[in-house]
Structures are given as C-alpha cells and as structure tokens.
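**Q** Before I ask anything, let me first share the structure, which is written out below as structure tokens.
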Amino acid sequence: MSVQQDKHNVSLEWIKDQLNGFADLIDRTLVAPFGQIDLLYIKSVADGQILSRNVITPFYEMENINAYHNYITTYPGTEEETTREKAIELLLSGYILLGLNDTFCFFDAMNREISGVNETSAESISQGPSDALTEDIAINLNMIRRRYQSTNLKMETMVIGDVSKTKVAILYDITRVDPNVLAELREKMNTLKVDILQATGELEKFISSDSLRILPKSIVTERPDRVVFNLSEGKVAILLDTTGYAIVLPSIFNDFFTSMDDKIQLPIVGRFLKLLRIIGVCMTLWLPAIYVTLTAYNPEIIRVQVALLISGSRATVPYPSFVEVLLMLMMMEFLTEASLRLPKAIGPTATTVGGLILGQAATAAGLVGNIMIILVSAVAISNFLIPLNMMSLSIRVLKYIFLFAAAFLGLVGVVVCVVGFAMYLCNQRSFGQPYFRLFFLDNLGKKKGGEH
Amino acid sequence: MAKSRYFYCLFLMNSLINIINYVPRELIDRRFAGALTSILIGTIFGTLFVYIFTVLIAKFPGKGFPEIFHSLLPKKLARTLLLLFAGLWCVAGGVTLLSFVDITLRFISPDSSPYTVVISFLVLVCICCRFDSLSILYGLEIILSVTLPLIIYGLVKALTNPDFNWDSVLQVTTYFWHKPDLMSLSAATFSFSGYLNLAIFNRVFHGLKLKHVWILGVEGLSVLLLTFLVPIGYFGTVAIDRHVYTWFSTADSIRMENFIIERMLFIFYFAYLSLSLVSVIVHWHGGLELLKGAISSVKKQSPKAERWKEWSILGLFSAMVLSLMGLDQYELNMFGAWFLQIRWFGEMFIIALLFYCYRKARRGSL
C-alpha cells in the first residue's frame, strides 16, 4: 500500500509539472476540523456545479473523512487505481483529482457543452421520426438503445486520436452481424493512427483504405432510425463523440438509394419513389453524355423532328456541344456550391441571379441552346433525388467521365463507359460484401422454395 | 460461391451473341443446303454436350481447368493443353471484338478511325477481365438484365411487323430434307457453347446442379431459328445474300413509332455492344486464367510480379486483335468460319479430355 502511495505522491508532483502553464488549473485544499482533501482540476472542462454539489458540499456535511472516502469511491464514474498517463488523460477530459487519506481518486465532473436534440437537416423526410443524432455520444446511444431494446445489441468502445482522444462506439446486433465484417473492422480500427479525429467522414476514409475509390462504401447518416434499421439488418454502426453523424457499414450501392420514407409509404408508392430515384440517377449520369452524342456524333439516332429541334436551338452556338455542356455544367456546379456556402439570407438571391437571369441571358446571347438549359436543370434537380449526400456527390463527379467519353467517342464511348461502370460496380466490395448485383433475384429464388 | 443461375447467364450470353458472331452468315449461306437440318441436329448435339460437360465438371467442385489438369495430367501435357485452350478463348473474344469494330464503323460512326474504336474496346476489356470471376458473373447478370428486355422487344417488334414475309420463311423450310454439313453444324452448335466458360468459372461454382437442361435446348433452338429465319423474312430468300451483318440490317429495317428513338438499329446496337463487350470480358478472363495456369510456377509470386504477368498476357491478346485489324471483311469472315469449326472440334476434345480426367480421378480415389 505504502509503495503505491509513494508512487501516487510522486505522481501528484509529476502531474502538476505536466500541467504547468495551464492558466485554468485549479489546485485547492479543503480543510475541515475532521480532515482535509486536495482538489486538482482544470476549470474549463470540469463542471463547477457538479463539483460543488457532489464533492464539496458532502465533504462539509458528512463530517467524517472515512465516510466521505467511501462516498466518493463508490460514486458511479469514479476512478481509483490509475497510472500517471491515465491520470493526465482523466484530468484533461474533465475529471477532478481528489486527494484524501493519502490516496487519490478521480471524480467524474465532465462538463459537456452540447446542443440539444435537433431535427434532421441533411436527410429530412416528410413523415416519420425527425430527430437527428446529436454531438454527444451518450445522448446518441440513448436514442439508439431506446429504439433497439434488445440484449443482442452489443457495444464496444475505444478511443481514437492521439490528441483529440475521440470516443468511438461500435454497435452491432450479435445475432445478425457478419463476424468477418466485424473482425475486419476491428483490425482496421486498431491499426488506426491519427492525431485528430473530428468527423465521421474522416473515420470512414481511414477505414476504407483505397484512395482512388469514387463511391462511398459506408453510409454516413444523421438519422437514428436509419442506424437502428441497419442494425436490424445485421450491419455495424460506428458512433463518434463530438459529431452528429454515424457510420453504417457494410453498405451496398442499393442502400444509398433507400430513404427512410420508403418503409412508411404504401408499398407501391415506395417502389415508385425508388424507381424515380433510379431514373433520376440515370438521367443525371447520362443526359449530358447523350446530348453530346446526339449533337456531335449521331444525330440520326433520334427522330428527325427532335434532331432538328436540337440543332435549331443550337444554331447560334459558336462552339461544339461538348464545350457548351461543360460550360453550363460548370456554371451549375458553381451555383450549387455557392448557394451552399452563402449565408442563409443571401442564398436564394444567388440561385435566382444564377439560375434565372444567367440561364435566360445565356440563351438570349446565343452562347448556349435553350434545350441545353432544360437539360442542365434536369441534371441538377435529378441529382438531388439521391437521399444520401455522399452518394449524390459521387454521382455528380461521375457524370463527367461519361461526358468525356461521349465527347471523344460518341455512342461507342457512352456504351463502353456504361459497361465499364457496371463492371466496376460489380467488382467493388464493401467489407467483403458484394457492392452491386441483382439482389432481388436471390429473394426470388427463395420464394420459389430455394430452387437455386 | 455463385448460384447456379449464373450458369444460365453464361449460356444465355453465348447463345444471344451468336447473332453477330458469323453464325447467321454461315447458316444463311447454306440455306438451301441443309442449314435447317443442321440446326436441329446441332441442337441435339449442343444440348447433349452441355449436359455431359456440366455433369462431368460438377465432379470437380470449385476447380477450373488449370487445377484439374495439373493434378491429373503430366506437367508438360497440361501446360501445352492449357496454352492451346487459352489461345482458343482469346480468339473467341477477339473474333467478337473484331466483328463489332466492323459493325460500329459500318452502322454507327463511319467517320471514326477503326483504331480509336478498337483501342477503346480493348482498354475496357483489359481492365475488366482482371476482375475476379464472381464480379464478372455479377456484371454479366446486370448487363443481361438490361439488354435482354431490349433484345426481346426487338424480336417481338421484328416478328409483328406486317411487312415480314412469312412466305420466304416457309419457302426456306421446304429445303429441310438436305443432309447437314459440317460448317453449318459447327455454326449451329456455337449457340450452345456458353457452357465452356465453366473451364474457369467452375472455380466459383460449388456443386453445380442443373435442373431442366431441356430448357437450354429449347432456348438454343429458338434463338437459332430466329437468327436464321427472321432475316430471311425481311430480305427474301435470295436477296439476303447481299448482307454481311444480316441482323443489323434487319434491325435497321424496323421502325418504332411511339418513341424518341425511331430506328430499332440503335436499341439493338446498344444491347448487342454491351452484351458483346461483356462476352469478350468473360472469354478473355477465361483465356487469361488459362494462360496463367499454363505458365504458373510452384513458388508463390509477389503481387507485383503477378500483375506484370497479367498485363503482359493481356498485351499479347491485344496485340493479336490489333494485328488482325488489317483483315478485310472477306478474310475476317473466313477467319470467323475457321474459328467456328476449330472450336467445335475443340469442344469434343475438351469433353473427351474431361471424361478421361474424371475416370483417372475416380480410379485415384478408389
């Protein structure tokens, strides 16, 4: 015992030495007739109210140092036996070091500055739950546990980030999860070495190593109901402290086109909405490429009336259709980006100025054809049909590949690219799971009595 | 592990592809001399081959030809055979590719350089055939599910056309009682050769069990009859002679009234180009793996060396295609016809070889 105390005594000096230069370090000694305690904490991360209510007031009320010692050590969240490094860590995270009877213990008085539960902003739906995950992991876990009340929901926690010390929780339903996925994830998380980890997107990037990939392999969502729904499908959710987003993996291509509305709607309506999204993706990916093909290479593909209409609208345009499309698409991208960054009050102005006036003026000046404007807005709007932001960004980038292929090779280029894209999708794996194939055919076989 | 339905995909792909792959040309050349009889006999042979081959290969679950040959045949013989088969698979893909380059130049973009087109095809195929077998099967299924409805739509449209001349079709059927000849037989059986891709793809099938093999026979027969008779219905029994790519000319004769795209040709071209690209990917994936099996060494190689090996094999394949680009249409046709015949004998040889391997394996295990 005495050896350990010695070590702690040394450690107190050592701790003070380590925290030298902390202006908000508080070092106090409370003295009462029956004994005294040493208090050491960092004011900015520790909660003063918890301190006075749960630590200082009981000390003076109890009037017995041993009873107080018992009270403190049995308080939930109090840590006793620790190493020097751990002591520093605890102090930095908001614990209060209490020195009584020559022993030390750490009292949990973390001060969390968080905003309350807000409504979803990036993935809003018309009906159904509207709470979003918060920036506090405890509240998030509460929201998920409340929706998934099962003993099978297991949780592992770990701390990632040498400086940021971000708490990470891995949740899964042990009866449904694929153990291979879990093993691969654990291995990746354990080998992770970063200083600062602040956003789920960063973590997502670290655990899926391929730097050239264009498609997201795991969903980053702010909806607790989506997390719960995916947990029930045997997926793994990763929650991060200090961000209001969760990662769900493994995720396949299809998952990114599922909105939480689909479950709520009538089945046929849900299917229709999904179909709309698929058509939207096809449009946003291929319309620019098809336009270039039709105007520059193979106008004979479409009806002669349509071909004449398009070339009529392009009569004044002084450059090839590829330049025209690229110009307008870039304008559209600028507008989207600008309206995202602008303050909310000016946002609508930018879109009005850009979309209406610029589009109108550009056609009037003869720089782009009328049909081009319609096409660009169709591309822009259909891109927003994708419920998850990461996928919609990927699709936004991907359409340029098709555009370039069409510009170089016409119809052949487009078809080659489409086949290549399909093969690329099929070759992707998300934590060992095939990313893209006709999953519904598997179920079809099962319904017929598992013939295949 | 793949499900058995992917085998049907492989089969369907091959039987649909034969519409462009010199098969209708060869059959129509012999329309008055036993093509119909050959189609019937070819169907019987083809279905029989499919059945025998799948039963035999199912005895080697999860194994491709390289694994089977290396374990059961003398080393040198195994290597030589694998090399020959790799050549066969490579040519199978190359022939499809070459004919599609020609079709593209003829029907879609006469202005573009043939080398641009062929290089764009080659880039896609070379990148994609290095994927693993399972991914390629998934991709094949996706492409089939997109193109099959289009092809069926095209066929229905072709058959319901009021200008379709049933008399010509009936006239050709009167030449039924001619003895079949080798060329049309080997052309007809090509429709059934999709099963051969199991040589490599059997690696992902564990215990392939086929139900209703007769469906494959019926499917093959109907595709062959459509391939053979529909162009005759459009161009007449004699005038059909003048068309090289009979089916593309046929598709170009069909008009769609209620659609933005008016000419069937483009729908057909889109469907068939994507399907043929996938089929070339499938064939070359087979060729690549077979050749890798032929030159494989015992010791494990680094991933980088492996990659170099794959790329040099693919470079060889591409060089083969590029060197054949100089052929004119007539030579290309001859080449395709030769390929069809050699392929048929190769098929018989492969089945006999597999039977021998099966016997040897069983004797070894007893």
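**Q** Once each part is reduced to its C-alpha centroid, what is the distance from segment A:44-119 to segment A:304-323 in angstrom?
**A** The distance from the Cα centre of segment A:44-119 to that of segment A:304-323 comes to 74 Å.
**Q** Next question. Taking the Cα centre as origin and putting +1 on Lys and Arg beta-carbons and -1 on Asp and Glu beta-carbons, what dipole magnitude results for the protein assembly as shown, to the nearest 20 debye? Numbers along the way, then the final one.
**A** Details: 70 positive and 66 negative charges, 699 e Å.
In total the dipole reaches around 3360 debye.
**Q** In nm, to one decimal, how far is the modelled label at B:Glu257 from the one at A:Ile374, with both set 7 Å along Cα→Cβ?
**A** 2.4
**Q** Would you be so kind as to identify which of A:Pro320, A:Ala405, A:Met390 lies farthest towards the positive end of the dipole of segment A:272-429, taking Lys and Arg as +1 and Asp and Glu as -1 on Cβ and the Cα centre as origin?
**A** Checking the options against the dipole of segment A:272-429, the answer is A:Met390.
**Q** Something else now. Where the only charges are on Cβ atoms (+1 Lys, Arg; -1 Asp, Glu), what is the dipole of segment B:244-300 about its Cα centre, to the nearest 20 debye? Intermediate results must be reported in sequence, preceding the final value.
**A** On the way: 5 positive and 4 negative charges, 100 e Å.
The dipole of segment B:244-300 has a size of about 480 debye.
**Q** Please check: in the Gaussian network model of chain B (C-alpha springs, under 10 Å), which one of B:Pro149, B:Pro303, B:Pro66 has the largest mean-square fluctuation.
**A** Answer for the Gaussian network model of chain B: B:Pro303.
**Q** Something else now. Please work out how much length the chain gains when fully extended from B:Ile119 to B:Gln341, using 0.36 nm per residue of separation minus the C-alpha to C-alpha distance, in nm with one decimal. Please list the in-between numbers first.
**A** On the way: separation 222, 0.36 × 222 = 79.92 nm, distance 2.80 nm.
Result for the pair: 77.1 nm of gain on full extension.
**Q** If you take the beta carbon distance between A:Leu92 and A:Phe206 as r and set R0 to 22 Å, what does 1/(1 + (r/R0)^6) give as a FRET efficiency, to the nearest 0.05? Walk me through the numbers before you get to the answer.
**A** Values: r = 23 Å, r/R0 = 1.05.
For R0 = 22 Å, the calculated efficiency reads 0.40.
**Q** With unit charges on the beta carbon (Lys/Arg positive, Asp/Glu negative), name the residue among A:Ile56, A:Ile371, A:Ser150 whose Cα is farthest towards the positive pole of the charge dipole of chain A.
**A** A:Ile371
**Q** For segment B:192-231 and segment B:1-62, what is the centre-to-centre distance using only Cα atoms, to the nearest Å?
**A** 5
**Q** OK, next. Over the Cα atoms of the protein assembly as shown, each weighted equally, I'd like the Debye log10 I(q)/I(0) at q = 0.05, 0.09 Å⁻¹, rounded to two decimals.
**A** At q = 0.05, 0.09 Å⁻¹ the computed log10 ratios are -0.39, -0.99.
**Q** Could you work out the mean count of beta carbons from other protein chains within 10 Å of each residue's beta carbon in B:101-110?
**A** Working: counts 1, 0, 0, 5, 1, 0, 0, 8, 8, 0.
Mean shielding count: 2.
**Q** Given the pairs A:Lys217/A:Lys274; A:Lys193/A:Lys217; A:Lys263/A:Lys399, which are separated by over 25 angstrom at their Cα positions?
**A** On the way: A:Lys217/A:Lys274 20 Å; A:Lys193/A:Lys217 21 Å; A:Lys263/A:Lys399 30 Å.
Too far apart for the 25 Å limit: A:Lys263/A:Lys399.
**Q** Sticking with this one: Short version: ³J(HN,Hα) in whole Hz for each residue of segment B:319-325, in order, from phi by Karplus 6.51 cos²θ - 1.76 cosθ + 1.60 (θ = phi - 60°), x for Gly and Pro, what are they?
**A** 4, 4, 5, 5, 6, 7, 5
**Q** Using modelled backbone amide H atoms (1.01 Å from N, in-plane), which distant-in-sequence or interchain residues come within less than 5 Å of A:Gly35's amide H?
**A** none
**Q** Related question: Points 7 angstrom from Cα along the Cβ direction at B:Leu83 and B:Ala361: gap in nanometres?
**A** Between B:Leu83 and B:Ala361, the label points sit 2.5 nm apart.
**Q** OK, next. Please report, for the Cα atoms of chain A, the Rg to one decimal and the Dmax as a whole number; what are they, in angstrom?
**A** Computed over the Cα atoms of chain A, radius of gyration and Dmax are 29.6, 102 Å.
**Q** Apply the Karplus parameterisation 6.51 cos²θ - 1.76 cosθ + 1.60, with θ equal to phi minus 60°, to every residue of segment B:279-291 and state each ³J(HN,Hα) to the nearest whole Hz, in sequence, with x for glycine and proline.
**A** Here the 3J(HN,Hα) series is 5, 5, 4, 4, 5, 6, 4, x, x, 4, 5, 5, 5 Hz.
**Q** Excluding residues fewer than 8 places away in the same chain, name every one of the lysines whose C-alpha is closer than 22 Å to that of B:Lys309.
**A** Straight-distance partners of B:Lys309: B:Lys63, B:Lys75, B:Lys76, B:Lys292, B:Lys299, B:Lys300.
**Q** If you don't mind, another one. Which whole-Hz couplings ³J(HN,Hα) result when phi for each residue of segment B:124-139 is put into the Karplus expression 6.51 cos²θ - 1.76 cosθ + 1.60, θ = phi - 60°, listed in order with x for Gly and Pro?
**A** 4, 5, 5, 5, 6, 7, 8, 5, 7, 4, 5, 4, 5, 5, 4, x
**Q** For B:127-138, what's the mean count of beta carbons from other chains sitting within 10 Å of each residue's beta carbon? Mind showing how you got there, number by number?
**A** Details: counts 4, 7, 1, 1, 5, 3, 0, 5, 11, 3, 2, 10.
Going residue by residue through B:127-138 and averaging, the value is 4.
**Q** Moving on. Highest first, please rank the peptides A:234-242, B:114-122 by the mean number of other Cβ atoms sitting within 10 Å of their residues. Kindly include the intermediate steps, with their values, before the conclusion.
**A** Details: A:234-242: 22.6, B:114-122: 19.1.
The packing order, highest mean first, is A:234-242, B:114-122.
**Q** Sticking with this one: Determine the calculated [θ] at 222 nm for chain B from helices alone, applying -39500 (n - 2.57) to every DSSP H run no shorter than 4 residues and normalising by the residue count; nearest 500 deg cm²/dmol. List each step's numbers first, then the result.
**A** Details: 15 runs with 264 residues, N = 366.
Helix contribution divided over all residues of chain B: -24500 deg cm²/dmol.
**Q** Nearest 10 degrees, 0 to 90: what angle lies between the long axis of helix A:389-409 and the longest principal axis of chain A (Cα atoms)?
**A** 30
**Q** Identify all lysines with a Cα-Cα distance to A:Lys16 below 24 Å; exclude those on the same chain that are fewer than 8 residues away in sequence.
**A** A:Lys7, A:Lys43, A:Lys86, A:Lys165
Readers should treat all values here as calculations from the given coordinates under stated rules, not as data from a laboratory. Computed from a predicted structure; not experimentally measured. All Cβ positions, even for glycine, are placed from backbone atoms using ideal geometry, and neighbour counts span all protein chains on display.
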